[in-house]
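Structure record follows, encoded as structure tokens.
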Amino acid sequence: MGIRLKLSALTFTLILSATCVSSLSQQALPDLLITKIWIGDKNNTPMAPRAGEALYVCATVKNVGNAVAEGFYVQPYFGGSPLAAGGPGKLEGGGAQDWASGPVVVGPGIYEVRWVLNPDRKIAEANYGNNEISMIVVIEAGSPSEALLQPVGGLVGLAVIALIVLAVGLISRRYLLGRRKSQLDKHDTPKK
């Protein structure tokens, strides 16, 4: 009495698929990674950004994979808006290069800087989960007069506004009470 084994087309497909996935995962693939982002000048030199000055959004991209990454693009964003994309790029395994996009000129405030590598996934990578990085940048006012006009946000800003309104109200009330008293004193004094 022998054991009969019945294989269906579905079983064969599953075995073939598992074999293909296994062989793909053992292939040499690039793996793009952003190792550093910063705000720089036109020469990519890190700088403390000020309102009204031209700044560039910079990043160092490294291929930590074991194959050449060729034909990839980089997409930077500043304050939620896309900047000029870079590419097509080429990096040997272990290689790194700096990218920059700009110039960007903005007013004082808080902005998000974000970089996305290989956004359209045109090249196969070992790991797509490390293709994005972001940071928050504070752009300070460029001059003392701009610093005075720089908006203060959140609870601190609300508290400052409330204190200003209260102070103006108290000063106005004192002024009006003093004026009313002086008018009453004029009318109440007997004439000689």
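Just so you know, all these numbers are worked out from the coordinates, no wet-lab data involved. Bear in mind the structure is a predicted one, so any value in this text is a computation, not a measurement. Methodologically, a virtual Cβ is constructed for each residue, glycine included, from the backbone with ideal geometry; neighbour enumeration extends over all protein chains shown.
Applying 0.36 nm per residue to the separation of GLU92 and LYS186 and subtracting their alpha-carbon distance, the gain on full extension is 24.7 nm.
Which value, in Å to one decimal place, does the Kirkwood hydrodynamic radius take for segment 29-147 when every pair of different Cα atoms is included?
Values: mean 1/r = 0.0677 Å⁻¹.
After inverting the mean inverse Cα-Cα distance, the result is 14.8 Å.
Within segment 110-141, the trypsin sites (Lys or Arg not before Pro) that combine a DSSP coil assignment with at most 14 other C-beta atoms in a 10 angstrom radius are ARG121, LYS122. For segment 29-147, the dipole from Cβ point charges (+1 on Lys and Arg, -1 on Asp and Glu) about the Cα centre works out to 100 debye, to the nearest 20.
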